[in-house]
Structure formats: C-alpha cells, structure tokens
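The values are calculated or read from the model by the stated rules, or taken from the named source; none is laboratory data. Here the structure is a predicted model, which means the values were calculated and not measured. Cβ sites come from the backbone with ideal geometry, for glycine too, and all protein chains shown count toward neighbours.
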Protein chains: 4
Amino acid sequence: MSGNTIGRSFCVTTFGESHGPAIGAVVDGCPPGLALSEDDIQADLEPRRAGQSKHTSQRQEPDRVRILSGVFEGRTTGTPIGLLVENVDARERDYEKIKDRFRPGHADYAYQQKYGFRDHRGGGRASARVTVATVAAGAIARKWLRERLGLEAEGYVSQIGPHRLAGTDPASARSNPFFCAEPAKLPLLEEYLKQLRRDGDSIGARVTAVARGVPPGLGEPMFDRLDADIAYAMMGINAAKAVEIGDGVAVAGQRGTEHRDELTPAGFASNHAGGTLGGISSGQDVIVHVSFKPASSIPVPGRTIDVAGDAAEIATTGRHDPCVGLRAVPIVEAMLLLVIMDHVLRHRAQCADATSPTPVITR
Amino acid sequence: MSGNTIGRSFCVTTFGESHGPAIGAVVDGCPPGLALSEDDIQADLEPRRAGQSKHTSQRQEPDRVRILSGVFEGRTTGTPIGLLVENVDARERDYEKIKDRFRPGHADYAYQQKYGFRDHRGGGRASARVTVATVAAGAIARKWLRERLGLEAEGYVSQIGPHRLAGTDPASARSNPFFCAEPAKLPLLEEYLKQLRRDGDSIGARVTAVARGVPPGLGEPMFDRLDADIAYAMMGINAAKAVEIGDGVAVAGQRGTEHRDELTPAGFASNHAGGTLGGISSGQDVIVHVSFKPASSIPVPGRTIDVAGDAAEIATTGRHDPCVGLRAVPIVEAMLLLVIMDHVLRHRAQCADATSPTPVITR
Amino acid sequence: MSGNTIGRSFCVTTFGESHGPAIGAVVDGCPPGLALSEDDIQADLEPRRAGQSKHTSQRQEPDRVRILSGVFEGRTTGTPIGLLVENVDARERDYEKIKDRFRPGHADYAYQQKYGFRDHRGGGRASARVTVATVAAGAIARKWLRERLGLEAEGYVSQIGPHRLAGTDPASARSNPFFCAEPAKLPLLEEYLKQLRRDGDSIGARVTAVARGVPPGLGEPMFDRLDADIAYAMMGINAAKAVEIGDGVAVAGQRGTEHRDELTPAGFASNHAGGTLGGISSGQDVIVHVSFKPASSIPVPGRTIDVAGDAAEIATTGRHDPCVGLRAVPIVEAMLLLVIMDHVLRHRAQCADATSPTPVITR
Amino acid sequence: MSGNTIGRSFCVTTFGESHGPAIGAVVDGCPPGLALSEDDIQADLEPRRAGQSKHTSQRQEPDRVRILSGVFEGRTTGTPIGLLVENVDARERDYEKIKDRFRPGHADYAYQQKYGFRDHRGGGRASARVTVATVAAGAIARKWLRERLGLEAEGYVSQIGPHRLAGTDPASARSNPFFCAEPAKLPLLEEYLKQLRRDGDSIGARVTAVARGVPPGLGEPMFDRLDADIAYAMMGINAAKAVEIGDGVAVAGQRGTEHRDELTPAGFASNHAGGTLGGISSGQDVIVHVSFKPASSIPVPGRTIDVAGDAAEIATTGRHDPCVGLRAVPIVEAMLLLVIMDHVLRHRAQCADATSPTPVITR
C-alpha cells in the first residue's frame, strides 16, 4: 500500500496535490445512521484555512467540501463517504523558479529520488494543503465520538519559538490566529510574529491536544497501541518532528516514585502517563504534544542544488506560513480523533462481549 | 487486526507472554536466498537479555531461538520464518500478590478494563519480555540490510535521569551494562544506579539510534512516512513516551534559517531533519530518540485499587529493572531496522522502475 | 476495513452509489512515470456503458472520467490517482415503489439487516453501476502491464442460458452487444434475447477471461495465491456465483493422468491448470470463468416482504439488464488486471533479487 | 505482505513446511473469555489426519497441537494465540529424486521461478500438510461461533470423479474415510478407489459445506463480500480449482423467474443464492462447493523438465493421496468458519449500533 490510507476499521484514504484540480478523501467504515451534512464538516475546515490572518499563507481557498456518497437522507449509510474539495486559488507561476531546484528542508529532493520526477507546484502531494482532506475526515469522527461517547478533543499551540504557552483557556484557542490558549500572551505573540516576518524568517512550534472522555480499553497490546498509532498519525503531519504522550521527553529525567500515577477509588492521583498504560487507554485524558519545525520556505536565500546536481541558490517569495505549527492545531485534533475512532471500532470488534468486574474509576 | 503484526511487506507477527510456555514470531515476506542461521539471530538477542548485570532484572533466561520454518539448507526460502524462544525462568509465585490489585504505571488496569480479565503473571503480554521476539525478527532485517545495502543501525543510551550522555563512541555502547557511548561517564552511572537501588526507586532514560546507509526515497508521502512508521514502532516499545526525529522537540524553538539543511553538491550542510524530508528518507543518517519512563515496579509502596475497585497498597519485590531504558537499546535498533526493511521492500514494489537524473548526493 | 479497497501494493478504493452525485476511485501505489490521460481510461469505460444496445439497461450515462490527482504533465507521479465519474441520468422516481419492500434476489434485505436502513435508489452501493470505478482503475493497470510486460487480458461471454459460446475469435467480442467471441452464434443470441424480453424474464451467463504474457512467479504460497485473489476479485462482482480457474468444476471428474500438465523444454503440453500451480503463476495463460446469475429485477411479479416484515408483491419496470452477465465482461477483465498488477508489484517487493537457473519455458 | 495471513479482525498467520521441524499458527484478535483447551482443537485435527485409512497418504503424523500463548487459566485472554504442531514422520529420502526435477501439476516449477530455489522436500510450503495450522485455527472459530451464535458448519464430499454424492446424512460424513454423506454409496466408492489405486491414478473431487445459523448482515458491499472472502479462502486450499456459492455454475443457465429466491414472512421460498445477497449474508444457510483437481503425484510416469530446463521423466512412489479432495473436507469447514468469524467481528466493529425495524425472517 502506497501509504495514503490511515486506520483499519475507520479507514481514511486521501488524494490530491497542492495545485491539482481537487483534494479528496474516502472514509470507509463509518457506522451507519450518523446524521451528517456538508455543514458539519465545513465547521471543522474553517480553522485550518489559510489566508484568514496575516500570520498564515495568503492563498485564498474557500475549502467548500462536497459529500459525494455514503450519506442518504441526511444519515450515513455505512458505505464509503466520498469527500471532495476543489482547489481554486492555485498559482502555478509562483513555482516556476523551483521547478529545477530543490528547496532545502522540503520534500523536493526526496520525492525526486523516490519517483524519478516530481510535481513541483507547491510541493505537490507534500504540501500541507492536502491535509484539508484529513481534517474533513476527522470532522466525521468528531461528530460520531461526541454524539455516541461524549468524547471531545481540543488542541492549542503550547510553544512558539522561545515562548511557552499554557493551556489555561483551551476554548479560546480557536478565536485567535495563534491558536493560543493563554490569552494574556496574545500581544506578545503578535509582536513576535511581526518581527519574524520583518526578518524574513520562520519559527517552529509545539501543539498540544487533549482528548476527554476516552473510554478505557482502547488500543492493542503489542504494536498497534493507542499511543503508537497516535505517534504514527502525528508524525505523519507535515513538519512534525517529535511526538510526546503525557509528560513526553521529560520522563527520561523522572523517577518511578514521581512518574507512576497512583490509583484511588476516586480516580488516578495524577496523569503523567497522558492517558495510556501499556499502550491502552486508561480512561484518563489522552494528552499528546507535537513539535513542528519552522517552515523552510523563507525569503532569506539558502544554498541548494538543482536537478542536475549542481550548486544553486534559492529564496522563497511565494505565499507561505511563517509558522506552520499554527495551522497544525486542527490537523492534530483531526488525527487524534481519527485514531481514537478507529480504535473504538476495533475494540468492539474483538471485545464487545468482555465485561470487567472492576468499576471504571472516575479520572 | 488485533495489533500484533508490524510491517506491510516485511511483516512480523509476534505472540507470547511473560510467563507462558514460549514467545515467538512469524517473519513473513523475507526475500529468498538470505543466508540465515540460529546463531545469526542469537547474536542480536544477547544484548537485551536480562540477568547479565546487577543493573537489570535478575530473571535468568537463556533466550535460545529456534528457526521452525522458512529456512532450507541455510538460506531463507521466501516462505514465513517461524521463530521460537522458550520461557525457562518464569516464577509465577512472584506475582500472586498482584493477582487482585493493579500496579500503578503498568498496563494491569487497562488490560482488565479492555478484556474483562487478565494474565497477571509478570504483566502477561504487556511485559517487556515479549520483545525478545521483535529483536529476533530485527536480526533478520539487520542481516539483509547489511549484506544488500551496507546499511547499519546502532543505538546507545543518551540520557539517564539527570545525566546526558554523548554518542562519542557508539561502538562501545554494547560493551557496558548502561549501553553508554560516552565511556568517561561510566563510573558516574555506576554510582548513580547504585544509589537508585538503595533508594528503592527507578529512573527514566532516553535512547538514541542512528541508521547509516539508508538510501534516499524510502517512505510514503502521506501517512506511511518513514518517520511516521518509525514513530509508531518506537512508541510501541514498552515504557516509551516520546519519539523524536533529528532535532526533535528542539525544533519548536528553532528558526527556519537555522533548521533547514542546505544542500550542496558535496552533500547536505547539516542534519537537523534526522534523515527524512516530507517523511521520505533523504540519504542522510536517520536519527531517532526515544524517551522511556521509569519502571513503575519499585519497592517503595504506592496507592492503588484492587479488582473490586477498593483502595489498596502495593510494593514490588520481584525481579525488575531499575532503568528499563537500558535494555531498550537493542529493541530500538530492531524496530528501526524492521521499519527500514519494510520500506525498502515497499519502495521497490512501486518504484523499481523509477530513475532520477539527479545524482545521489553524498551525505 | 469496510471492504471498499482491493489490492495491497496496487490499492484501489472506490466509493459511490447508483443514484448519488458521483462515483469514484482512488488508485494508490501506481508506479511513477506511466503516461496516462483521461482518454486512456475512457477507452475502457465505453464497453461497460449501459444504454448502447437494446439488450442492456436504457439508462444513459456518458461516464466521462476525470483525473483529479496523481498525474502531472501527462505522467503518473506515484501519488494516489483520484478518479471521478459524475452520475447524470439517475431517476429516483423509478425506485419510489421499492422504497419499502425488498426486491427478491437483490441486496435490499441484506443491506437493511446489516445497516438498519438503506439507500433504496437503484440498489445504492449494491448497484452494478458502481463498477464503473473498478473498470476505470483497471484501465490504469492494463496500460502499465501492456507497456512494461506486454501482458494482455481479454474476455468474452462463454455461455448465455442454454447456449455455450466458444472463444474462437476473442478480438471480435467487443464489437457486438453480446461480447460473443463466436460470431456465427450472433443471430441465435439476438433471437434468444428478444424472446427473453418478450417473456419478461432474464437469464444467467458465464464469462471467460484470459490473461496472456503473465510472468511466472506471481502469487503467494499460502492464502494470497494468485488464483485465490482472482477468485476473491471475481466473486466480488455483482451477480457472480462461481469462479473457476482453468478446467474449473470439471476437475472433480478428471484423473491425474488427464489433468496434470506435463512440462517439456518447449513448454507445457497442456493447460488444464489455467496458469497457476500451487497458486503461483506458471507463465501459461491465466484462464478464469465467472458465472453470473440472471437479473432478479424483471417484470414478472414475485413474492416479497416489506420493511415491516409483511407479505408484499413486486415487479420491476425500471431500466434493467435482461442479462447482467453481458456487461460483466469489461469488469471481469478489469478485476483480472487489478489482481495481476497487484501481484506484479508484490512479487518484486519480496523477490526482486531472486534469480533462477531454470529457463522460463515457452508456454 | 507475503500472503500467509487470512482475516482482518480475526487474523490467522501460519508458518511451516511439509518437512520442517514444525507447523504453526498465530490467531490474533480472538475475543477474550472463550474457554479453550488443546483438546478442543485436537478434536478438529483428527478428521484431516493422514494415514488413517488406506485411501489417504500413509504418512503417520500424530498432529498434537500445543497452545503456546493467549490462553490463561483455560480462557482466551484476547492476546495472540500461538499454536504449534511438530512434524514427526517426515522422510526426506522420499524426495531426493525430485530435488532436481519438477513434478507436473505441482507448485515445484512455479516456486523455482518465483524464489530462485525451493525446499523440494514434500513440496515444502506448498504441501497440504501445512493446512493442519489452518484447521487448528478454524477450531477456535468454530467453538466461539457455536457458543455465542449457535452457528455450525458441516462439509461432505459431493462428488468423486464420475460419482455424484448427495448430502442426505451430513452427520455421517465424518464417520467414513470418504467424508461421504450418502451412506448407500460407500461400497461403490470403496470399489472405485481400489480400482484407482490399481491403475496408479488419482481422481478429482468436489466438496460441499454448509454453514447454518449465520446471522444476516455479514460481509461488506464492495470487494470484501462474504462470498468473495469465502471464494478467496477456498481457492487458497491446495488443489482447489473452482468455488461456487449456492447454485454456482448452474446459474449461467437459469432464468430470473427460476433463480430469484422469493421472500415471505415465513422465510425465503428457496435458497438458490446460497445464503448471500449482494455479497452479504441473508440469514439463510451459506452453501459453498469447492472442486479439487486430482493429485498429480501418481505412479504413472509423466514428462517433465529438470532444474536446468532439460527433458526428464518422473513417477511418484512416495506417500500420497489418490484423492486429495477427501481430506479437504475439514479444511473447507475451517476456512468457512474463519471467514465467517472474521466477518462477525468486522460487522460489529462498524454496525454494532445499527438496528433494523425489519424482523429477521426465519430461513
């Protein structure tokens, strides 16, 4: 399989490139009977749209999604749901100059060596533009999980360059262009990004997402652990370079007495683990952090080679994001929801009959 | 699929529990014609064996592997390779007292709620003991990749608690019980672990692994990226809580001018990316870091609940590792090799015909 | 996985219903560099189109295919190929009367009990209309296999009701509405079908397809045999009830001395096996026969039940095929090509290095 | 994937060769809590054992199965079940003479060309001996389906060469060496097989299996139909050349008025379809027929080529079955059960919430 499908029971296959006619997804395995409209999906697409603030790419894409199949009289039928988003504002000319040379930090060179040639327009399949399909699919998972399990996933930017950002008000994250959940820091960020643009540079970021209401028992013991599948999904997002569950990299410095989350009849005493034990959900909040590298497409010129292997120079003047991590929040949420949805279905395939004498402890 | 298979072209399915009669793996899809003996595999099993120093569990397992199929007259036939390791030193009585209560930080509670009951002996399937099968499978990948591509993967412990450890002498890592590649730090570590045991506590660790000689072009563009599959594989190792590629979490604080690895005809000018671009190998070293939490099984008592949900106390006195990260090095190497092997085969399935006019740049 | 994907290396996922807005496919894993245009695919869609003779459904669908992704400057890029065919001539009113009752011999009742409700318009996802996506995907496989391996697949109708039809002139099959390769029988068939329509009845059929130029070695030894995957693909076609390889059901009456195909340096002495040995291609022609049941939608009234389980009567007056097997020929060809394509890629994933000292015998 | 795994939710991976040390299976995804012992599995292995009558191979294998994992205190835990059967009576010398030449009608030549070389002892992985693992896995499916759904599957030989055999007394099939369910024909068969051995020849056979108690709604609409997966499973059995569902090949000669199974509140009026509609189970008996070719290993000499491609002659004098179809009955049953089991789990993954207002009609 060439790798454009995620999930085993709730399977999402996507297609499309930055500058092709359209981007789409096929969602296969959705339970029947879910009320679903194009507006339901559209609501999730808005936050990841570019061109909405001066801090993101100025490409103007309406990102209107069409449901092509799998929904009848307003409800999912159980057959595959075809989703389509047309590309509208694709400017090929922006990319003429990179046709024959590779942008450092981009997939250009790797694609060239893998396939022998490449669609250079906007990075082709490697563009973050194509995640519109993933987010659309995630919206379906979100709706089902919310309605059937009361499960919610919410993300925010927890770091931009040198600035750590707390998740004090997660609900506010979607109302500002930085997906920042610490409103007091907004003026600081505004100033920081402004300076960054003046420098012609870009910056990395870290995104945190939390899923609440995850039932215990999701995930498989060996390879397909819930956290392993989350790591796979997150590292598959453009520019992601690290995935952490719970305390993440900090655990390397922790002691057992400090890390282990004690259990009490009233619930876990802490959540260093981030919601999984042995790779299986514990019923606590599932917490994931994803670190995104700074965009490599910047006006500051850099060294590179051309298709013939000769030295060249490159500077990007097209429409790009100074901080790609900002727009990653809806994608991280979608990925988290897709993985959880898949495991909810997988779990009931095998364990629908299992009943435990142990009460589910409350957080 | 219940999640005990890794890989799509080079597929490894494992089975077995800590205290069952045996642990095994089926390696399906191995290219035919590889010279392979039980000794070849045994060599990779030795480093992860317990009971070899006072810093690891004292369980004594010979870990003798048998090849049950797929090899004829010393060569792989292309049919599945069955591997078996008998459990010898399993002491059930050590676990009687945890039969009815859940060890904090372990999978006990999660398994109970998933399956309705659990094999409590040594953690059952959740024990790190079962990774012997993964390492055995990895040995086959290692041999093929070395012989056909000259590809090598090597790991070491890069952090133990507060101590950061450099990879100055990677070859030395297998010759000390800490898998430490900075020999000057060995006395310090010896002392540190001694004190830890006196405290009845455990400590986290970080492991770094590097694959050299990875050809460019491995990995798929969308979900099954090389780094995504590495993240999946690594997060699937017992106690792993974070996976980083290249500069990892540090990228959140980097600028584009700093992070992007410029290309020159003589090679990449740096390797912040850790060997992948857009999820596809660039030909540079693939670098991965995995953070492991401290073992939760420690003599210091902790709060928990029992199977009925009532409050209880627990302290572990069985044979356990004070720093599970130490023995993870061979597992991290095996996982890295399994993922690369799988992608080598997947790549040639689709792209065996592709030829690029661009020369492969030298590192 | 909800079952709308076929293939492991060359993966085709389809979506769409008879009366939805569009039908589509995502072809994932196509080798890069294949010259491909919409016209290339269109050529394969024509033969399965309805409404072209009085012997098939009178629904008028232009079946214009659009390539939405995966092709750049006329060549496949290696990324997923999105294909879309809009539904144009969907008449919902034809189906109002079957909204609440189940057509015998159709999937109506089974869908109802599986999903709890169903898209009743034209059978929804169960309609043969959706095979347009499969045939479109098959056209891509056909082109690659022809250009790279000189491999061809050709089908014809080998039985219609009581009439057995020889494959004397396979090339002529596409030039008549019966996909008949025995031109002398055309007047007989014309008369037979005319009478059938007068009777308000339908008839079964058997389709034979032959793939020539299949290299030896395709298929896996155990479950994913080439013939097993062909059987899976063919039985997945609407109305298929039997799949035979080579001599098929006749082998139950054969002796070993009669059946076994002797080998000589000049080639196999016969081809009772139909091109596979132990499930792996032998290099001989791969021969498959598929038997299709008669269409159940006929004007002759029949007994049924309604959604509430009460007795009802039904007669079909919409646009239907009196012999669904006729239009199955392009689908059988497409399925055969998809399976072979997938196995060509799978085979080279594992065995690209293998070389046999034995010469490939000539047929 | 090299093809040694069957199923997506209930996944069986097998390994082993005719003359290797052992044959085994890993059953992944079994629901937890099933009472399971080695004796439960052994009971299903007995009927397929060779050497039990003069009509089958005289190889003496006790076929004792060991459960290596996945069962704790007599119940399945939900983790993978490792099964192992040691080979005991493997005589390598029988095969020395076929080391360098290919047996016509066997996989020898195809394996050679696929892998470059082959394990020639007893056909290696291509031997029907390896189906012991499939049957062992099938026994687990049988037990779960019987206990949870009251579902049963039963097979018998419905044709041996020229003799058609009715299924008048299916229960009697396991009590005679011909798996014949028409007891009156036993003397005839005894005589027929005796003469066949005298002729040094072999004969084909057809096996019929029926699953009773299959709930409606199993199977997926497009490719992974229940009947398609059955066809795949059956065609994957050694020597199978045709798979028919319900009326099978006869449907090509049937009219719609004859074939369509009318529905009444009391049940379907007939079962020409064989239990599936649109590929999804209807709740009727699932009926499948599999045609097996005659064994190619016979004392009558035949032409062949050797590894160098030169003409040679071959005659088989080792231990073989004159009618391989006889011993296929338990394998057909196992395959049918494995496919149904997989679809029961898959179905509830997606559709556990679906409820239909339509009553399930009684057969």
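Points worth noting:
- Where strands (runs of 3 or more DSSP E) fall entirely within segment C:271-363, those with at least 2 residues that are of a type in the set (A, V, I, L, M, F, W, C) and more than 7 Å from every other protein chain (Cβ to nearest Cβ) are at C:286-292, C:311-314.
- Qualifying residue in segment C:313-334 (condition: at positive phi and buried (at least 24 other Cβ atoms within 10 Å of the Cβ)): no
- Some residue of segment C:196-204 being at pLDDT 95 or above, surrounded by fewer than 24 Cβ atoms within 10 Å (Cβ to Cβ) and more than 7 Å from every other protein chain (Cβ to nearest Cβ): no
- In the set (1) outside any loop (DSSP other than H, G, I, E, B); (2) surrounded by 24 or more Cβ atoms within 10 Å (Cβ to Cβ); (3) at the interface with chain D (Cβ under 8 Å from one of its Cβ atoms), the condition left unmet by C:THR257 is number (2).
- When we screen A:ALA43, A:ALA25, A:ALA50, A:ALA35 for residues that are modelled with pLDDT under 95 and under 12 Å from A:ILE140 (Cα atoms), the only hit is A:ALA43.
- Per-region count, segment B:70-92, residues assigned to a loop (DSSP other than H, G, I, E, B) and either touching a residue at least 60 places away in the same chain (Cβ under 8 Å) or on the phi < 0 side of the Ramachandran plot (or both): 8
- Every pair of residues 6+ apart whose Cβ atoms lie under 7 Å, when the first sits in segment A:166-178 and is of a type in the set (Val, Ile, Thr) while the second is modelled with pLDDT of 90 or more: A:THR168/A:ALA181; A:THR168/A:GLU182
- Of all residues in segment C:1-22, those satisfying the criterion of being assigned to a strand (DSSP E or B), aliphatic (A, V, I, L, M) and at the interface with chain D (Cβ under 10 Å from one of its Cβ atoms) are C:ILE6, C:VAL12.
- When the residues of segment A:93-110 are filtered to those that are touching a Gly at 6+ places or on another chain (Cβ under 7 Å) and either surrounded by fewer than 22 Cβ atoms within 10 Å (Cβ to Cβ) or free of Cβ contacts under 8 Å to residues at least 24 places away in the same chain (or both), the one that is nearest to B:ASP353 (Cα to Cα) is A:ALA110.
- For segment C:262-295, the set of residues classified as among the charged types (D, E, K, R) and either closer than 25 Å to D:GLY246 by Cβ or surrounded by 24 or more Cβ atoms within 10 Å (Cβ to Cβ) (or both) consists of C:LYS293 only.
- The conditions of being farther than 25 Å from C:ASN87 by Cβ, small (Gly, Ala, Ser) and either away from chain B (no Cβ under 13 Å) or surrounded by 20 or more Cβ atoms within 10 Å (Cβ to Cβ) (or both) are not met by A:GLY33.
- Selection over segment B:199-227 of residues that are within 12 Å of B:VAL288 (Cβ to Cβ) and under 18 Å from the mean Cα position of the chain (by Cα) gives a count of 8.
- The set of residues in segment D:58-78 that are within 14 Å of D:GLY16 (Cβ to Cβ) and either modelled with pLDDT under 95 or surrounded by fewer than 21 Cβ atoms within 10 Å (Cβ to Cβ) (or both) comprises D:GLU61, D:ASP63, D:ARG66.
- Lone unmet requirement of (1) in contact (Cβ under 8 Å) with a residue 40 or more places away in the chain; (2) closer than 20 Å to A:ASP247 by Cα; (3) surrounded by 23 or more Cβ atoms within 10 Å (Cβ to Cβ); (4) facing chain A (nearest Cβ under 7 Å) for B:VAL207: (4)
- For segment A:325-363, the set of residues classified as touching a strand residue (DSSP E or B) at 6+ places or on another chain (Cβ under 6 Å) and farther than 30 Å from D:SER9 by Cβ consists of A:GLY325, A:ALA328, A:VAL329, A:THR362, A:ARG363, listed by residue number.
- Failed item in (1) within 16 Å of the chain's Cα centre (by Cα); (2) part of a helix (DSSP H, G or I), with A:GLU191 passing the rest: (1)
- Failed item, numbered, when A:ALA110 is tested on (1) within 21 Å of the chain's Cα centre (by Cα); (2) facing another protein chain (nearest Cβ under 8 Å); (3) part of a helix (DSSP H, G or I): (1)
- Counting residues in segment A:151-171 that are under 16 Å from the mean Cα position of the chain (by Cα), at pLDDT below 95, surrounded by fewer than 17 Cβ atoms within 10 Å (Cβ to Cβ) and within 25 Å of A:GLY274 (Cβ to Cβ) gives zero.
- One residue stands out in segment D:124-150 among those that are more than 18 Å from the chain's Cα centre (by Cα) and assigned to a helix (DSSP H, G or I): the one that is farthest from the other protein chains (Cβ to nearest Cβ), namely D:ARG146.
- Tally, over segment B:242-254, of residues that are among the small types (Gly, Ala, Ser), at the interface with another protein chain (Cβ under 7 Å from one of its Cβ atoms) and either surrounded by fewer than 23 Cβ atoms within 10 Å (Cβ to Cβ) or without any contact (Cβ under 8 Å) to a residue 24 or more places away in the chain (or both): 2
- Residue that is nearest to the chain's Cα centre (by Cα), among those in segment D:260-270 that are at the interface with another protein chain (Cβ under 7 Å from one of its Cβ atoms) and in a strand (DSSP E or B): D:LEU263
- Segment D:79-116, subset among the β-branched types (Val, Ile, Thr) and at pLDDT 95 or above, residue nearest to C:PRO265 (Cα to Cα): D:VAL85
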